[in-house]
């Protein structure tokens, strides 16, 4: 047992969990928008007037974002860029929901969605920070 590698600290697994959860979520959300834009609008996107073109445009963004996050699980060098991009996306999405809380189901739903987006932005930012710290540690240790 003396030669066994030390266990990976729990916090170091956090980015992998975040990449998995958010990657799967983004892929599912992108597919939902792509294949059922009307249902997507009726259940999640009921802000303003329905526009299938914009919903499909968002699907064409959300789906590759999820795939990139899942790819970062296989290719660790992708983790910092993938998490940075996802964090920026969620931060801007949060801002959009903080500016416009007029959900068709009521203003409180808009505020609830905004709060959820802010929370998820924080979770992504924490994963990004941990991944940046790990990457800096590996560079200082002389690893490629």
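FYI, it's all coordinate maths here, none of it is from the lab. Fair warning: this is a prediction, and the values are worked out from it, not measured in the lab. All Cβ positions, even for glycine, are placed from backbone atoms using ideal geometry, and neighbour counts span all protein chains on display.
Values for this structure:
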quantity	calculated
Ranked 97, 53, criterion: other C-beta atoms within 10 Å, fewest first	53, 97
At q = 0.09, 0.12, 0.13, 0.14 Å⁻¹, base-10 log of I(q)/I(0) for segment 11-133 (Debye sum, equal scatterers on each alpha carbon)	-0.26, -0.45, -0.53, -0.61
Least to most buried among 83, 117 (fewest other Cβ within 10 Å first)	117, 83
Sorted by Cβ density within 10 Å, fewest first, the residues 131, 94	94, 131
